[in-house]
Amino acid sequence: MGEPGGERLMREKADWRRATVLELLFDLVFVFALNQVSLRLIKDFSTGDELLIGEAAPTLLLFLAFWVLWLSTVAITSRRSPDSLLVQIVVFMSMAGAVVMAVVVPQGFEQRALVFAGAYAAVRIGRLLLLLLFRRLAIPPSTGLWVAASGVLWIVGALVPDQGLRAVLWALALAIGYFGFTAGFKRFTGAPIAGEHLADRLQQFYLITLGEAIFVAGKGLSTSDLGTPHTAGFGLAFVAIVLLWRVYFYRAGAVLPVAITGARNPVRQSVAVAGTHLLMIAGVFLAGVGFELYIVEPLGRPEPNWLIAILGGPALFLAGRSLLELQVFSRISRSRLAGLLVLGLLIPATWHLPPLAAGGGAAAVLAGIAGSDAWRAWGRAPELPAPRI
């Protein structure tokens, strides 16, 4: 590999489909991170009345920080050669920061907020300085300003004693950091985006999130008394996970690499697709929390707050999946819009019912969409991508 600067830096077309072993190792850190965030969010839902204001919002900020860190790292490896020692150092830096952030997640917004924020800011600023120092790449000057401003807000937010103000500052830091990332990603010159590689990486993160849903569902069953309702809840969750996989990959998810590389503006398409994947990944993540909730208390008293996860997770996934279909095929299937409508109607219908009933309704909606996809595809040639961008 040699010293930084002594080997090719830009990713070659022969490598555009390949995720390296190092990139897969990097993803394993986020298996741990998502698990930590899941456990925190499950605890948030158990607190009851003031869920959205008191607990879930800070957990959402922690989740988004991991997403921005992962996505910004993938953006580097999708344009620069993963065999470069410099790029490998950058990936290891990101891994180290993500591990520290994941370790402190249980108190990452409270007593250990400075550790979480410091690790995040150090990675974002440190690797940018490293890339500029050794390669003098054509990175837009504004990118450094956005990253620095975001880092300062993270640290200041961690230092203020008021948690409400901390949430505002961290939300602003995330918005600035993400805006700076997308702006710099669009304006970067010197290398094309490896669209097939980026699509593959986004799909891998989606699968990691499905794996996390399986983990929390299994954990919920293992901590129960393995009664019939609990087992039925786990079976329902497993079916829902299979359906979340099926609905994603049919058909927009399957042809996503072609939709990016064949777009008129692959960079803009990549940024747009990353945004829709955030919605889908957040939806699956939230649905996974819902699985654990209705497996542990399948026939318990109605918990309206739990509907945010049980029904809101699939709804968020379908919203992102509908946008992905629009980006890939320039249209949205009516079945997805109908599914969103039905999930909305299920909220009042299941408000006073046991949690398992809401889970069954969500799974039935996903099954209906998957069935509609299969019926529409019967005897027809596979649809080709037709991106607008």
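See the values below:
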| read-out | value |
| --- | --- |
| Per residue solvent-accessible surface (Å²) - the chain, probe of 1.4 Å | 41 |
| Tilt relative to the chain, helix 57-77 - C-alpha long axis, 0 to 90 degrees, to 10 | 40 |
| Carbon and sulfur %, accessible surface of the chain computed with the full protein complex present, 1.4 Å | 70 |
| Residue range of the chain that is longest and free of chymotrypsin sites (Phe, Trp or Tyr not before Pro) which are both DSSP loop and sparsely packed (at most 13 other C-beta within 10 Å) | 1-350 |
| Amide H contacts of Arg80 (H built 1.01 Å from N, under 5 Å, at least 5 apart or other chain) | Arg11 |
| Helix 355-377 axis, angle to the chain major axis (alpha carbon atoms, nearest 10°) | 70 |
| Calculated from backbone phi, Karplus (6.51, -1.76, 1.60) coupling profile of the stretch 19-35 in Hz, x at Gly/Pro | 9, 6, 4, 4, 5, 5, 4, 4, 5, 4, 4, 7, 4, 5, 4, 5, 4 |
| Helical contribution to [θ] at 222 nm, DSSP H n ≥ 4, -39,500 (n - 2.57), averaged over the chain, rounded to 500 | -25000 deg cm²/dmol |
| Farthest positive-ward along the chain dipole, Cα basis, beta-carbon charges - from Gly220, Ile308, Ala374 | Ala374 |
| Cα-based convex hull volume of the stretch 185-323 per residue, rounded to whole Å³ | 99 |
| About the Cα centre, charge dipole magnitude for the stretch 156-276 (Lys/Arg +1, Asp/Glu -1 at Cβ), debye | 480 |
| Between helix 312-329 and the chain: long-axis angle, C-alpha atoms, 0 to 90°, nearest 10 | 50 |
| Debye log10 I(q)/I(0) for the chain, one point scatterer per Cα, at q = 0.08, 0.12, 0.13 Å⁻¹ | -0.43, -0.96, -1.11 |
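The values are calculated or read from the model by the stated rules, or taken from the named source; none is laboratory data. Just so we're clear, the structure is a prediction, and the values are computed from it rather than from any experiment. Positions of Cβ are generated from backbone atoms using ideal geometry, with glycine treated the same way; all protein chains shown enter the neighbour counts. Just the protein is used for accessible areas: all its heavy atoms, side chains included, with ligands, DNA and RNA removed. Shrake-Rupley method; radii C 1.70, N 1.55, O 1.52, S 1.80 Å.
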